[in-house]
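Comments concern the structure below.
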Amino acid sequence: MINDFFKKFITNDAVIDNYGLKYNNIFKKDIEKVINQQSVSLLNNKVLVKCKGEDTQNFLNTQFTNDIKELKNNTGILSGYCNPKGRLISIFYIFQLDKEYYLYTSLDTVQPLLKKLNMYKMMSKVEFEIINDVLIGVSSNTKINFAENITLDRNEAKKINNSILFKISPNQTIILTNNEDINSIIDVNNSNLLGYGSWDYLDIENHIPFLQESKIEAYTPQMISLDLLDGVSFTKGCYPGQEIVARTHYLGESKKSLYVLKIASKENFSYSDKVISADNNKDAGDIINISKVNDENYLCLAVLRKEMEDKKLIINDNSEIKIIKGVS
């Protein structure tokens, strides 16, 4: 769904899907603008959840892969939520503002995440609320206007009046606000309005993975390099799947890891398509996040078998894959 305020900025080239605005210009222009110009990306495929109640910290710490008790006020960390078999249901940033916690995650995983949390909270005094205000992403070239000068360090969060700001990478700041305050915060008329596909590009470039619906419960944290991204604590107490995650950690490295790929393909592909070895058609891994750069080029995050790192990889007969970088 596209917020009414932004509808007047939609172009004739807009690509709109079930989430909302995916691209507002042709693919190449959206990517160029989010990198080089003032831009506002509508985060229709993401969501922010408020967690509140006197038992919130203790309860969340029994559920998530990272140590919530190590969180300081106005800071955030990457974390995950696993099923009892150690497979990820959701990946998210969690940050603390005053005595409340906020989860920033993919729209695809928020309902399975909340369903499990509500199932396990029992008598704990904790409540979860999906915030339905405007969620936008602003790149490093975009000026943010408040009465006070705003400078955020990475993983720092602030609440100013009715708005929440959180910086997840050097060039990505998330803002939750409302229709009344948008104009005072962002000069939308002199910024480029972009779809969520442009923000996905920055997520991929910065090794920030989010799960799509089809990938829920498909990977352990190590397969998706959540441990290397500081999203797992191996010193805190138990959480669902903790025994399996810890065993993998102490017995040796995972056979799979997270990689950024450039894919040139004359055919469309989706999350259901496998990355394979060009030599023997052997399964090499999965695509988990996709951003279309132009008509024949994509930037993707993929979970690959480490043994395939030096092989020639393809996703279909008319494709070519280049591994840009892995997580180390």
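Being in a helix (DSSP H, G or I) and assigned by TED's automatic domain parsing to the domain that holds residue 18, is that true of even one residue in the stretch 219-240?
No, the stretch 219-240 has no match at all.
So, in the stretch 111-158, exactly how many residues are in a strand (DSSP E or B), of a type outside the set (Phe, Trp, Tyr), at pLDDT 90 or above and within 19 Å of residue 76 (Cβ to Cβ)? Lay out the reasoning, then the answer.
Keep residues of the stretch 111-158 that are in a strand (DSSP E or B), which gives 127-131, 134-139, 156-158.
This time we only want the ones that are of a type outside the set (Phe, Trp, Tyr), so: 127, 129-131, 134-139, 156-158.
Then keep just the ones that are at pLDDT 90 or above; that gives 127, 129-131, 134-138, 156-158.
Adding the requirement that they be within 19 Å of residue 76 (Cβ to Cβ) leaves 129-131, 135-138, 156-158.
Looking only at that region, the number is 10.
Restricting the search to the stretch 187-204, which residues are buried (at least 18 other Cβ atoms within 10 Å of the Cβ) and at pLDDT below 95?
Residues of the stretch 187-204 that are buried (at least 18 other Cβ atoms within 10 Å of the Cβ), as a first pass: 191-204.
Across the stretch 187-204, the qualifying residues are 191, 192, 193.
How about the stretch 167-206: which of its residues are under 22 Å from residue 292 (Cβ atoms) and part of a helix (DSSP H, G or I)?
Residues satisfying the conditions are 196, 197, 198, 199, 200, 201, 202, 203, 204, 205.
Of the numbered conditions (1) assigned to a loop (DSSP other than H, G, I, E, B); (2) touching a helix residue (DSSP H, G or I) at 6+ places or on another chain (Cβ under 6 Å); (3) of a type outside the set (D, E, K, R); (4) closer than 30 Å to residue 225 by Cα, residue 90 fails exactly one; give the number of that condition.
Condition (1) is where residue 90 drops out.
So how many residues does the stretch 159-168 have that are surrounded by fewer than 16 Cβ atoms within 10 Å (Cβ to Cβ) and out of contact with any Asp or Glu (no Cβ under 8 Å at 6 or more places or on another chain)?
Of the residues in the stretch 159-168, 0 are surrounded by fewer than 16 Cβ atoms within 10 Å (Cβ to Cβ) and out of contact with any Asp or Glu (no Cβ under 8 Å at 6 or more places or on another chain).
Which residue out of 270, 328, 257, 225 is in contact (Cβ under 8 Å) with a residue 60 or more places away in the chain and over 20 Å from residue 86 (Cβ atoms)? Show your work before the answer.
Details: 270 fails: in contact (Cβ under 8 Å) with a residue 60 or more places away in the chain; 257 fails: over 20 Å from residue 86 (Cβ atoms); 225 fails: over 20 Å from residue 86 (Cβ atoms).
Selected residue: 328, the only one of 270, 328, 257, 225 that is in contact (Cβ under 8 Å) with a residue 60 or more places away in the chain and over 20 Å from residue 86 (Cβ atoms).
Is it the case that some residue within the stretch 1-14 is surrounded by fewer than 17 Cβ atoms within 10 Å (Cβ to Cβ), under 27 Å from residue 115 (Cα atoms) and free of Cβ contacts under 8 Å to residues at least 24 places away in the same chain?
Checked against the condition, which is being surrounded by fewer than 17 Cβ atoms within 10 Å (Cβ to Cβ), under 27 Å from residue 115 (Cα atoms) and free of Cβ contacts under 8 Å to residues at least 24 places away in the same chain, the stretch 1-14 yields no hits at all.
The values are calculated or read from the model by the stated rules, or taken from the named source; none is laboratory data. Every value quoted in this text rests on a predicted model; they were computed, and no experiment measured them. In this analysis, Cβ positions are derived from the backbone assuming ideal geometry, glycine residues included, and neighbour counts consider all displayed protein chains.
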